[in-house]
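The values are calculated or read from the model by the stated rules, or taken from the named source; none is laboratory data. Predicted model only: the values in this text are computed from it and were never measured. As a convention, Cβ positions derive from the backbone with ideal geometry for all residues, glycine included, and neighbour counts pool all protein chains shown.
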Amino acid sequence: MKKLAIILSITVLGLASCKQYKKGEGDMMYKMHEDKKGEAIKDGDFVAFNATEKTEGDSVLYSSYDYDRPSLLVKEPSLFKGDLFAALALLSEGDSATFKINIDSMVAKMGRPKPADTTSKYLVYTIKVDKVIPKGKLTDSLFRGQIDAYLKVEMDKAKNGEASKFNAYIGKEVKKPTVTTSGLNYVVSQQGNGPKAVVGDTILVNYTGRFLTGKVFDTSVEVVAKKAGTFNVQRPYEPLKLPVGMKGSIPGFEEGLMLFPQGTKAKLILPSKLAYGEQGSQGIAPYTPLIFEIEIIKIIPATARPSVGVVPGS
C-alpha cells in the first residue's frame with residue numbers, strides 16, 4: 001500500500017509539472033496544449049485564430065467564440081517583449097496554448113485600459129490557431145488573393161451552416177415561436193395595448209441585440225450594457241426613437257416593431273437575410289442571425305388617429 005501511495009504521489013507530481021507555465025521572453029508565461037509540426041508564425045503572415053481573454057481571477061473579458069467567427073490579423077512586430085505578437089510567434093497552424101501577458105506593459109506600451117476591479121498582474125489568453133497564410137516572398141497581390149480565397153471558403157461555410165444553427169437555437173431556446181412570411185421568428189413575453197404602428201409612425205423602443213451565443217453586441221439599456229461589459233460612458237442609454245417603415249433600420253427589426261402595440265415586450269429572432277445579410281456590418285460577420293429583445297415604450301402617430309368608434313369628420 002505504501003509503495004502504491006508513493007507511485008500515485010509521483011504521478012500527481014508529474015501531472016502537475018505538465019501544467020506548469022514556461023518562461024517566455026520579457027514577462028510572458030506560457031504553456032502549450034497542442035503543438036503541431038509547422039513553420040512558426042512570422043511578421044507579415046495572415047492568421048485566423050480563436051481566443052479568450054481573461055483576468056487571472058477567471059473573469060472573461062473577450063471571447064471570439066461569442067461571435068462564432070475566428071479573429072483575423074496580419075502579424076506585426078512586437079510592441080514590447082512578451083506581448084501577444086511574441087506569443088503568436090511561438091505558434092504554428094493547429095497549435096493551441098495559454099499565455100500570460102503583463103497588464104502594466106500592455107497599458108504602458110499599447111494604451112490598453114487596465115481592466116476594472118482586478119489586481120491581476122497578467123491577462124490570460126488561450127489561443128487556438130486555425131489558419132496561417134505565410135507572406136514569405138509572395139507579392140502583395142498574390143498574398144491578398146490567398147487571403148480572399150480563404151475568406152470566401154469561410155463565408156461559404158457560414159452561409160451553408162446558418163440554417164442549421166438558426167434552427168438549433170429555435171429548437172433549444174425558443175418555445176413555439178410565431179413565424180412571419182418573411183421568416184422572422186418572435187415570442188411575446190408581455191402583451192401591450194392599443195393600436196400598432198403603421199408606416200410613418202415613430203416608435204420609442206428599448207432594445208438589446210444579441211448573437212445566437214447570447215453575446216450582447218448593442219443595447220439601449222444601461223444596466224444591460226454594464227452587465228454585458230459593453231458599457232460606453234460616451235453614449236446615452238435611452239429608448240431608440242425610430243420612424244418605422246422608412247428603411248431606417250434592418251428589415252427584421254422594423255418588421256418586428258410594427259407587429260406590436262405600445263407596452264409589448266418581445267424577442268425577435270432574425271435570419272441574416274432580415275439583418276445584415278451577406279455583407280455583414282461593423283462587428284457583425286456575414287450570414288449572422290441576430291436576436292433583439294425589445295420593449296415598445298411609446299408609439300407616436302405620424303398624424304392624429306381617431307378614437308375607436310369615432311367616425312372621422314363627425
**OP:** With the condition kept exactly as written, say whether any residue in the stretch 190-211 is within 30 Å of E39 (Cβ to Cβ), under 26 Å from the mean Cα position of the chain (by Cα) and aromatic (F, W, Y).
**Re:** no
**OP:** Return yes or no: is K176 farther than 22 Å from G248 by Cβ and charged (D, E, K, R)?
**Re:** yes
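With the structure loaded, tell me whether G161 is small (G, A, S), modelled with pLDDT of 95 or more and under 25 Å from P271 (Cβ atoms) or whether it fails that test. Before you say what the answer is, go through the steps one by one.
Details: small (G, A, S): yes; modelled with pLDDT of 95 or more: yes; under 25 Å from P271 (Cβ atoms): yes.
Yes: the conditions hold for G161.
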Original post:
Limited to the stretch 158-197, what total is found for residues that are within 14 Å of E293 (Cβ to Cβ) and of a type in the set (V, I, T)?
Top reply: 3
**OP:** Filter the stretch 188-234 for residues that are over 21 Å from E173 (Cβ atoms), basic (K, R) and modelled with pLDDT of 95 or more and give the result.
**Re:** K196
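Give E162, E238 a once-over and let me know the one that is of a type outside the set (V, I, T) and touching a Phe, Trp or Tyr at 6+ places or on another chain (Cβ under 7 Å).
Working: E238 fails: touching a Phe, Trp or Tyr at 6+ places or on another chain (Cβ under 7 Å).
The unique qualifying residue is E162.
Under 26 Å from the mean Cα position of the chain (by Cα) and either in the same structural domain as G24 (by TED's automatic domain parsing) or without any contact (Cβ under 8 Å) to a residue 60 or more places away in the chain (or both), is that true of L142?
Working: under 26 Å from the mean Cα position of the chain (by Cα): no; either in the same structural domain as G24 (by TED's automatic domain parsing) or without any contact (Cβ under 8 Å) to a residue 60 or more places away in the chain (or both): yes.
No: the conditions fail for L142.
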**OP:** Could you run through the stretch 130-153 and say how many residues are in contact with a helix residue (DSSP H, G or I) (Cβ under 8 Å, 6 or more places away or on another chain), aliphatic (A, V, I, L, M) and closer than 15 Å to K75 by Cα?
**Re:** 1
Original post:
Can you tell me which of K172, K152 is outside the structural domain of E255 (by TED's automatic domain parsing), free of Cβ contacts under 8 Å to residues at least 60 places away in the same chain and surrounded by fewer than 11 Cβ atoms within 10 Å (Cβ to Cβ)?
Top reply: K152
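Conditions tested, residue by residue: (1) surrounded by fewer than 17 Cβ atoms within 10 Å (Cβ to Cβ); (2) in a strand (DSSP E or B).
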residue: E53; (1), (2): no, yes
residue: G57; (1), (2): yes, no
residue: L73; (1), (2): yes, yes
residue: L79; (1), (2): yes, no
residue: G82; (1), (2): no, no
residue: T98; (1), (2): no, yes
Original post:
What is the number of the single condition among (1) within 30 Å of K137 (Cβ to Cβ); (2) out of contact with any Gly (no Cβ under 8 Å at 6 or more places or on another chain); (3) crowded, with 17+ Cβ neighbours inside 10 Å that M29 does not meet?
Top reply: (1)
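Which residue, of I41, I103, I133, is of a type in the set (V, I, T), surrounded by 16 or more Cβ atoms within 10 Å (Cβ to Cβ), free of Cβ contacts under 8 Å to residues at least 24 places away in the same chain and farther than 26 Å from L290 by Cα? Lay out the reasoning, then the answer.
Values: I41 fails: free of Cβ contacts under 8 Å to residues at least 24 places away in the same chain; I133 fails: free of Cβ contacts under 8 Å to residues at least 24 places away in the same chain.
Residue meeting the stated conditions: I103.
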Subject >> Lone unmet requirement of (1) at pLDDT below 95; (2) within 25 Å of the chain's Cα centre (by Cα); (3) not acidic (D, E) for K100 >> reply: (1)
Subject >> Qualifying position, being over 27 Å from E278 (Cα atoms) and at pLDDT 95 or above, among S141, S78 >> reply: S78
Original post:
What is the residue count in the stretch 167-185 for residues that are over 21 Å from the mean Cα position of the chain (by Cα) and in a loop (DSSP other than H, G, I, E, B)?
Top reply: 8
